[in-house]
Structures are given as structure tokens and as C-alpha cells.
């Protein structure tokens, strides 16, 4: 299983003023998030079924809310989604209070445009999609796989939209 080390990006010194990225792990790979403060834009790489964590029901190897992306209110989020699993997967941002559902429809979407194509059917292995939306109100949200039963199986992570945050951060809370 590919392991990613992710730290709070707030602690990382950046060479580019107003730009940021998660720290690079010891093994070269793309960062999970990058951002541009001048454009109020955060880009989030989301790989569904990334390794065997949680039986393959994960995003970037994390499941059951182990990963949290914090974004300042009013910023634009671009999710670069791809499915690494033979099982169809999708991504949809919903209020955290409804993440424990067996199925999702467009009425539950937290922000306009915050879903991959055909979220309840999912995408096949190797499929990729870019999703863009603006986080217009503070609150606690969840990135879920909207394929029936997948979120209940733990395929979800947190998205916190904060009126206090000055820049995005990515936090991991994995139990030993």
C-alpha cells in the first residue's frame, strides 16, 4: 500500500509568497493540496481506492474522517479526482450531518458543482474528473463516495470551511 505523510500545511515554510503545498513525503509524489492565496484557490488531489486501507474504501488512503481539509470561507476548491480501484467510486461534498446515508442525490450537495459526474454510479478504474466549486459558507462538511453504501462503509473525509482560517491546511488524525 502506498503511504502518504501529510502534515498541517500551516507549519510549512513556502518559497513562493502566497502559494502553498503539502510537504513532500520521502518518496516523491504529488502533494495532496496546493493553494494560491492571491486567487483564493485550493487544489485538492483526491484518489479513490488508493491502496488497501479500509478495504479500498478510501480517499488518498484515508477513510472514516481521518483526513480533514480546512479551507477559508469564500475560496474556490478544485478537486482533481481519479479512481484507482476496480470498484466504481465518486466524490460529493455534503453537510457532515448527512454523511451516514446509504445513498445520496443532488439535493444533498453542499455547494453547487461539488460532485463528480454520475455520483451514484461512480466512475470506473482510471477515470478522472475535475470538480470546481466555491465554499460560500462556514461549516462542517464531508467528502463522500456517493455510490450506494460506500460512505456507510467509511469512504468519507472531512472538509471544514472556516471563517477564521487564513490559508488552507490538511490534517490527518489516524489512530495507531
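Just so it is clear, none of the values below were taken in a lab; they were calculated from the coordinates. Nothing here was measured: the structure is a model prediction, and the numbers come from that model. In this analysis, Cβ positions are derived from the backbone assuming ideal geometry, glycine residues included, and neighbour counts consider all displayed protein chains.
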For the range 47-88, take N as its residue count and report Rg(C-alpha) divided by 2.2 N^0.38 Å.
1.32
How big is the Cα convex hull of the range 32-169 in projection, averaged over all directions, in nm²?
7.0
Between residue 86 and residue 41, what's the calculated FRET efficiency when r is the beta-carbon distance and R0 is 30 Å? Round to 0.05.
0.40
Using Cβ contacts closer than 10 Å as the measure, can you line up 103, 123, 97, 169 from fewest to most?
97, 103, 123, 169
Can you tell me the length gained on complete extension of the stretch residue 105 to residue 132, counting 0.36 nm per residue apart and subtracting the Cα distance?
7.9 nm
Once you have a ≥ b ≥ c as the square roots of the Cα gyration tensor eigenvalues for the range 92-176, tell me rounded if a/c is under 1.5, and otherwise prolate or oblate according to whether a/b is larger than b/c.
prolate
Ascending count of other beta-carbon atoms within 10 Å, so fewest first, for 39, 80, 150, 89
39, 80, 150, 89
Give the separation of the Cα centroids, the range 114-129 to the range 43-104, in Å.
12
